[in-house]
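All remarks here apply to the structure that follows.
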Amino acid sequence: MKRCVSITCDFDLAIGKVNLNEIVYRLKELRDSLMLQILKQTLAAYDDLIMDRLTRTKIYPSKMRKGLGRHVRKDDAEERFCRGRKVYRRGYRNRKIKTVLGVLDMGMRRAECLTCGSRYSPLLNVLQVAPYCRKETNIEREITEAVIDTNYRRLIEGRSIDISLGGVHNIVVGSDIDKAFQDRIPAEDLSGIMADGTGVKQHKGSKGELRTIIGISQQGRVVPLGSFVNTSWPECQANLEMSYFYQNRNVLFG
């Protein structure tokens, strides 16, 4: 599938009164918004192509409609997929999806299946986006990667990501980042171990204690060993099985 997207960019430069740095800086400011418009135009052209193939079945045989128009049958308790691949056009429905480029706000075509009568957006199915999804996967990955090196507030202030602090927390807590550190670490791979604790605010303003333990590998890399809330140091020691991580268990807890 080859399609062309045309975008017109107007500019007004004061002759002899603007330098290269100013132009580059301004274009950098427009980069994300420009890419967002390209994304919108690309998806709109893709949406038109999909709907055209699902409605004009006499022109486009089943082979050219493969992978398009998949949907759940209407009023099916078992949520089985319908075999119908021919639809009526039923206007547009506006959708807002958060992306790493900004908020994508566009009208997506609605279709009505001739077989079961279900109404859906064929473009969302092709893009593998859930019907009620409000953000794309890349924004979750970027937030999870960025939050490793900074706190939530600096993450939001330093990047053009349109999301609240609570939204960042939900993404990180709901991710599978903890599964990446489930493998046990042999003691000989660690050159040292450190621990620290800090107070945290809890529900209804009560105060809690967050304790974190990390190790330093022989290559100088930080290795997360565990984090605990409202847990004493002896309990942290027992939960982590510290005798497995390093040989001298008195280094940290005495």
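Derived scalar couplings between HN and Hα for the range 120-135 equal 7, 9, x, 5, 4, 5, 5, 7, 6, 10, 5, x, 10, 5, 10, 8 Hz in order, rounded to whole Hz, by the Karplus curve 6.51 cos²θ - 1.76 cosθ + 1.60 (θ = phi - 60°), x for Gly and Pro. For Y92, the amide hydrogen comes within under 5 Å of the amide hydrogens of R110, counting only partners 5 or more places away or on other chains and with H modelled in the peptide plane. The distance between label points at V222 and K74 comes to 5.5 nm (points 7 Å beyond Cα on the Cα→Cβ vector). Computed from the Cβ-Cβ distance with R0 of 25 Å, the FRET efficiency linking K207 to N239 stands at 0.70. Among the chymotrypsin sites (Phe, Trp or Tyr not before Pro) in the range 1-98, those located in a DSSP loop and surrounded by at most 15 other Cβ atoms within 10 Å of their own Cβ are F11. Taking the Cβ of C82 as the center, what net charge do the other residues with Cβ under 13 Å away carry, scoring Lys and Arg +1 and Asp and Glu -1? Once all neighbours under 13 Å are counted, the net charge is +3.
Treating only the Cβ atoms of Lys and Arg (+1) and Asp and Glu (-1) as charged, compute the dipole magnitude of the range 20-134 about its Cα centre; round to the nearest 20 debye. Before the final figure, lay out the partial values.
Values: 27 positive and 12 negative charges, 113 e Å.
My answer is approximately 540 debye.
Placing a label point 7 Å from the Cα of L114 along the Cα-to-Cβ direction, the residues of the range 46-60 whose backbone N falls under 13 Å of that point are 53-60. Pairs from the list K58/K98; K63/K98; K28/K98 with a Cα-Cα gap above 27 Å: K58/K98; K63/K98. Count Lys and Arg as plus one, Asp and Glu as minus one, and take only other residues whose Cβ is under 12 Å from that of E22; the net charge is then +2. Sorted on the mean count of surrounding Cβ atoms within 10 Å across their residues, most packed first, peptides 4-10, 35-41 read 35-41, 4-10. Here r is the Cβ-Cβ distance between N19 and K40 and R0 is 30 Å; the resulting FRET efficiency, rounded to 0.05, is 0.40. What does the C-alpha gyration tensor say about the overall shape of the range 20-134? Classify as rounded when a/c is under 1.5, otherwise prolate if a/b is larger than b/c, or oblate. Here the range 20-134 falls in the prolate category. Label separation (A130 vs N94): 2.4 nm, computed from points 7 Å beyond Cα along the C-beta direction.
Every number here is computed from the coordinates shown, using simple stated rules; none is lab data. What you see is a predicted model; the values in this text were computed from it and never measured. All Cβ positions, glycine included, derive from the backbone under ideal geometry; neighbour counts span all protein chains shown.
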